[in-house]
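One structure below.
The values are calculated or read from the model by the stated rules, or taken from the named source; none is laboratory data. A quick note: this is a predicted structure, and the numbers were derived from the prediction, not measured. Cβ coordinates were reconstructed from backbone atoms using ideal geometry, including for glycine residues, and neighbour counts include every protein chain displayed. What goes into the accessible areas is simple: the full protein's heavy atoms, side chains included, and nothing from ligands, DNA or RNA. Shrake-Rupley method; radii C 1.70, N 1.55, O 1.52, S 1.80 Å.
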Amino acid sequence: MNPRLVFEIRVHGFLLWASMGLLMPFAILAIRQGNREQNPKRLRIIFYLHAILEMLAVLLATAGAIMSIKNFNNLFNNNHQRLGVALYGIIWLQLILGIFRPQRGSKKRRVWFFTHWIVGTLVSLLGVLAVYTGLGAYREKTSKSTKIWNIFFTTQITLIVFIYLFQEKWVYIQNQGVILDNEVVNFSLDNKVLKPESC
């Protein structure tokens, strides 16, 4: 392969990794953080951070798509190319859904939210799969090892998934050992009920 084509493949891969593997997951983590936010000002900041990260991710993915259409063999005879075409379409669908979201409280909001969540989850899963299949396609075309990149990406995705799951339990973890207002605490030990003593 000529060095120019190898360089273009690397740039394409970097753009799609930055989009699918970095910006989109951070946008998702940001908006999930907003689920617990009570302060309207901070909630607005989190929402705009989510929107900006997602738009940047779409722009990078679009640049990567344009590169692949312009510079690469597009016979769609491998899984990475077919997956890429589907992914580009779904990414733009998600962006359009995000732009045209109904106001809170409207009857359409529940359907919109479910659709936005399903499409976003699909984009995330397909994006991760596209990065792995892209690394495989790079290895096939260049005969260069991608082992270190597979390890790096797997570690990164594992960390993001851990943070995603940890966000769900963080408030619960913080509230352990704290007695909330009007909460009656009874501890049962061998059928004996122990009540907390007052100070």
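Can you find a residue that is of a type in the set (Gly, Ala, Ser) and open to solvent by 90 Å² or more (accessible area, probe 1.4 Å) anywhere in the range 130-138?
No.
Name every residue in the range 44-77 that is crowded, with 16+ Cβ neighbours inside 10 Å and over 13 Å from His12 (Cα atoms), in order of residue number.
Answer for the range 44-77, where residues must be crowded, with 16+ Cβ neighbours inside 10 Å and over 13 Å from His12 (Cα atoms): Ile46, Leu49, His50, Ala51, Leu53, Glu54, Leu56, Ala57, Val58.
Is it the case, given these coordinates, that Ile91 is of a type in the set (Val, Ile, Thr) and open to solvent by less than 40 Å² (accessible area, probe 1.4 Å)?
yes
With (1) closer than 30 Å to Asn2 by Cβ; (2) touching a residue at least 12 places away in the same chain (Cβ under 8 Å) as the list, and Asn74 as the residue in question, which single condition is left unmet?
Exception for Asn74: condition (2).
What helices (runs of 4 or more DSSP H) completely inside the range 1-85 contain at least 3 residues that are farther than 24 Å from Lys144 by Cα?
The helices (runs of 4 or more DSSP H) meeting that bar are 24-33, 40-71.
Out of the residues in the range 122-154 that are among the hydroxyl-bearing types (Ser, Thr, Tyr) and within 15 Å of the chain's Cα centre (by Cα), state the one that is modelled with the highest pLDDT.
Checked the range 122-154; the qualifying residue modelled with the highest pLDDT is Thr154.
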